[in-house]
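Where a number appears in this text, it was derived from the coordinates with a stated rule and is not lab data. Note that this is a predicted model, so its numbers are computed, not measured. No Cβ is skipped: glycine too gets one built from the backbone with ideal geometry, and neighbour counts run over all protein chains shown.
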Ligand code: HEC
């Protein structure tokens, strides 16, 4: 039914003229009239109404754009789904805070504690014996943000080979997350547990 009303002023008169035109013709006509401040077609509306409409449209567009930006800047993934996906990691990883409270997993120690991982330089958990490759990547500046975390967990070996530009690099983690959606959810989950590290690295 909306199509039966002018989308700019809600006046239904253009409908009669538009019925004969193609849908594209309708759009072009409405937009042209709008831009040229042509009011003849919409006798009951004044130019200031159009100004108000423009302001409203721009506000909506700006709000949409900033929302989309927020999504890019670390808002990926669903923490609740990530908590479930963590079942894939718990054989090797725990998430335990500085006081030793276990937030996820049991007490697996074959992989490093993932608490506060997001936003931190790779291979920096005290006391964990990392592979030479991951330690080197950390020294070269690898930080776990949304991109690096997702690529690493989807294929750690390939990630390290690319990052270090060394076709023989391996690292100690060979487990691969099969679905990139799971990797994103895990990112969101770990980020939600960590000590707000994302704000440091996400900028
Ligand atoms: C079979 C054991 C195993 C599984 C399963 C596993 N990991 Fe790992 N993970 C490791 C090991 C071992 C390392 C250390 C890698 C190295 O030193 O090269 C590691 C390292 C990591 C690191 C880098 C940590 C740091 O301190 O820089 C992240 C991030 C990570 N794992 C995430 C995950 C996630 C998320 C999952 C679940 C989807 C997962 N891992 C599943 C064994 C595992």
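Structure values in brief
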{"quantity": "Projected-area average for the stretch 115-156 over all orientations - Cα convex hull basis, square nanometres", "calculated": "3.0"}
{"quantity": "Isotropically averaged projected area of the stretch 79-201, using the convex hull of Cα atoms (one quarter of hull area), nm²", "calculated": "6.9"}
{"quantity": "Relative contact order, percent, the stretch 79-201 [alpha-carbon distance under 8 Å, six or more residues apart]", "calculated": "32"}
{"quantity": "Spacing of the two label points (7 Å from each Cα toward its C-beta) at residue 135 and residue 84, in nm", "calculated": "3.9"}
{"quantity": "Likely footprinting exposure, 190, 114, 160, 142, fewest C-beta neighbours within 10 Å first", "calculated": "142, 160, 114, 190"}
{"quantity": "Pair residue 107, residue 166: separation of 7 Å Cα→Cβ label points (nm)", "calculated": "3.4"}
